[in-house]
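See structure below.
Please treat every number below as a calculation from the coordinates, not as lab data. Here the structure is a predicted model, which means the values were calculated and not measured. Please note: Cβ atoms are built from the backbone with ideal geometry, for glycine as well, and neighbour counts cover all protein chains shown.
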Amino acid sequence: MRNVSGSGFGRRPGFLAMLCVTALASICGVISRPAAAEGLTPSQNLALDVYKELVEINTVTATGDTAKAAEAMGARLRAAGFAEDDVHVFSPAPHKGNLVARFRGTGARKPILLVAHIDVVPASREDWSTDPFKLIEQDGYFYARGSGDDKYMAASFVANLIRYKQEGYKPERDIIVALETDEEILDRDALGIQWLLKNHRDLIDAEFALNEGGGVGLKDGKPIPNSVQTSEKVSLSYALTVKNKGGHSALPVKDNAIYRLAAGLTRLAAFSFPVNLNETTRAYFERTAQMEGGQLADDLRAVLAGQTDPASAPVARLSANPSYNAQLRTTCVATMLEGGSAVNALPQLATAKVNCRIMPGEPVDGVKAILERVLADDQIVVTQIDQPTLSAPSALSDHIIGPITKLSAEFWPGAVVLPIMSAGATDGSYLRNAGIPTYGHSGLAGDVGESRAHGRDERILVKSFFDGDEYLYRLVKALSGGQ
């Protein structure tokens, strides 16, 4: 489906066309596929063809087939002239697949690694306005599960490798593309980048990597920030447990396991970790102050100047915003609660689970002691229930940020290159942990007020797809050197 008049894309016609005339629709049906040549360059056609093929392979992490997607992308590269030794498709389990492909340069510099995940979260047809596993163009957007997260980057990386091959480009460093499975489950036993690091580190070893995590924010159509994710907070969870002898509910006592746990959680809710800025968050606040102005800018500058007392007005105002609060400090929040065994029995056990997101560089071993101090009850036993992935922030190196800044000014004039720290998680944390600095940077522009990744009717702007693809093509060239 398409609506050219509502696309907002000006001179470029719709990209998914109805190729069967109405009179023949009952015979040949409606074919939804990328348009052939009209209005598109050969490189745009290539990118769109790869994108369509990839998004229309169901790669839901638990039930789809990432092996099929990896093999399809591998087949495209082989057909484009890549040697068998430079295209590896690994299937570590049934229906699980990773692709590692290498475009060879002169070897004067260490390789660059381009990472994108090809698994997606579930999407039910009855919940969507369109079929989530068909690429649909409508009202200036491409709709599909994974259209933005993260098959846009995966398709661009593959299509651009083919472009480099066709052009006879010779970079100063090898360009490695890794399309991975299982990113969406964020599990140490996942079979994507963790499996590749463990089993084929030599194939993906690089000086640095580009990954998902930072895009271009549009406000009323105007590009404001072009984000570069250089770090992620460390996720670590704890179980809080209170045990009690219990008894009959007809004879209540003050020493109640649920009450004890609830009182401790109330104290935790009122607690804030100290403000702790790092290179990335300091740059983030500095540039956000430049963009925003007003009271927000004043508050940000006050914190940057050292006004970090949690009781101060600037810190209090910033902390009231969940996004800014997450950039200011470590956070720990209760996420699960369970207690008691029967409505007429005093609880013998009450438990809660608390998820902490720890600032990079802060000692994780100290968080448990802080929780115990804040809970202030020795009957609340705190137990760590998972293992953290420690990863140092990737440096804001000029040889990375410089080309991004220069090219960003050409594609999105006026947009501020904005270093960001993710409060969530991507597989970039595993790469950083393995000593490969990783930068989340997609070149994909979208409205700052809209986020449909993982949600209903996931979509990206048609214009943003083509602009972002060209941006990545040129950025990788700038970062890899050569002719």
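When each of Trp412, Trp128 is scored by the number of other beta-carbon atoms lying within 10 Å, the sequence from fewest to most is Trp128, Trp412.
Our helix-only sum for the chain, with -39,500 (n - 2.57) per DSSP H run of n ≥ 4 divided by its residues, gives a mean residue ellipticity at 222 nm of -10000 deg cm²/dmol. Place a point 7 Å from Cα of His399 in the direction of its Cβ. Which residues in the stretch 177-205 have their backbone N less than 17 Å from it? So the set is 205.
Each of Met359, Met73, Met291, Met336 has some number of other Cβ atoms within 10 Å of its Cβ, and from fewest to most they run Met336, Met291, Met359, Met73. Here Lys368, Lys477 are placed in order of increasing Cβ neighbour count within 10 Å, fewest first, which gives Lys368, Lys477. With viscosity 0.890 mPa s and temperature 25 °C, the Kirkwood radius over alpha carbon pairs of the stretch 144-251 converts through Stokes-Einstein to a diffusion coefficient of 132 µm²/s. Projecting the Cα atoms of Ala297, Leu444, Ala154 onto the dipole axis of the chain, where Lys and Arg carry +1 and Asp and Glu carry -1 at the beta carbon, places Ala297 farthest toward the positive end. Under the criterion of Cα pairs below 8 Å and six or more residues apart, the relative contact order for the chain equals 21 percent. By the rule of a C-alpha distance below 17 Å, with chain neighbours fewer than 8 residues away ignored, the aspartates and glutamates paired with Lys254 are Asp377, Asp378. Label the stretch 381-439 by shape, choosing from rounded, prolate and oblate, from the square roots a ≥ b ≥ c of the eigenvalues of the Cα gyration tensor; if a/c is under 1.5 it is rounded, and otherwise prolate applies when a/b is larger than b/c, oblate when it is not. The shape class here is prolate. Expressed in Å, the radius of gyration and Dmax of the Cα atoms of the stretch 234-384 are 19.3, 63. Annotation for the stretch 276-294 versus the stretch 211-248: alpha-carbon center distance of 18 Å. Relative to the 2.2 N^0.38 Å rule of thumb, the chain has a C-alpha radius of gyration ratio of 1.09.
For the stretch 92-125 and the stretch 299-357, what is the separation of their Cα centres, given in Å? Centre-to-centre distance over Cα atoms comes out at 36 Å. Listed cross-link partners Lys110/Lys165; Lys96/Lys165; Lys68/Lys170; Lys243/Lys353 are compared with a 25 Å cut-off, the Cα-Cα value being larger for Lys96/Lys165; Lys68/Lys170. Helix 257-269 axis versus longest C-alpha principal axis of the chain: approximately 60°, rounded to the nearest ten. For the chain, the longest principal axis of the C-alpha atoms and the axis of helix 462-480 are separated by about 90°. FRET efficiency for the pair Gln290 and Gln384, taken as 1/(1 + (r/R0)^6) with r the Cβ-Cβ distance and R0 = 45 Å, rounds to 0.65.
Where both bridge residues fall in the chain, DSSP classifies roughly 65% of the beta bridges as antiparallel. Distance from the alpha carbon centroid of the stretch 177-208 to that of the stretch 391-445 works out to 19 angstrom.
Fully extending the segment from Asp255 to Arg201 would add 14.0 nm, taking 0.36 nm per residue of separation and subtracting the current Cα-Cα distance. The angle between the Cα long axis of helix 398-411 and the main principal axis of the chain comes to about 60°, on a 0 to 90 degree scale.
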